[in-house]
């Protein structure tokens, strides 16, 4: 069954825990493998291969011929024939390699690397060993063989000239194993393995994923649209216009009468209440001012 982009996203969400677990396993395995590997130093040097018959060719053809010769030597270096010539140059190097033939060949390929600079006759060489001085001795012996007998692999002594342009130099720190590269590769391998497991397991619940995920995405889309618009949804209830005050339609005189009836207000009662309040106030003030008391008595 063909799966949409939404389905793949939902599968990753459901299987993110599996991905994290496999990534952690890959990280741990890469770290363990890097730790158990022996530390190795590197020695580097460069040689230049120049065609010997440059007078009859132009510069482009000469550079192409030099590159071809360098590639030929790069292919010869990992062979056991070249290894035997190197051991002949320095017999003490034989102790650095195992006696079993297949193991010896594998280690020789792993300990001596070569690469060619494109469109040139420059050949870069790198030797690896647990001790920097041993790596430098291996590389020096290999360059010596190339300078003396390298033309034999190119068709004769008059075919090319081989010069060392960079002397061997050893690194001050180990370069193998490469911890960052190994750990990154372990994490990526773990993620790929976890993705395979997640997709295999997803075949058991594709319908559940396809039913739930579109609803969740629809809700998220509506929420985002509401936040972007910044507008609230209109109220479902209709607005009712304010009712007019019933007292506005009543004449002024009738309104006053109605208010008097509601409050039970009468002029006589108001006058009597005012007189009682005035008498109480005057009696209170009379305690302090006799003129107020006299005036009140006259009234």
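We did not get these values from a lab; they are worked out from the coordinates using the rules stated. A quick note: this is a predicted structure, and the numbers were derived from the prediction, not measured.
Roughly speaking, what is the stretch gain from residue 115 to residue 84, that is 0.36 nm per residue apart minus the C-alpha to C-alpha distance, in nm to one decimal?
Extending this stretch completely gives an extra 9.1 nm.
Could you pull the Rg and Dmax for the range 40-170, using just the Cα atoms, both in Å?
14.9, 48
Using the 2.2 N^0.38 Å rule of thumb for compact globular proteins, work out how the range 102-206 stacks up: its C-alpha Rg over that value, please.
In units of the 2.2 N^0.38 Å rule of thumb, it is 1.68.
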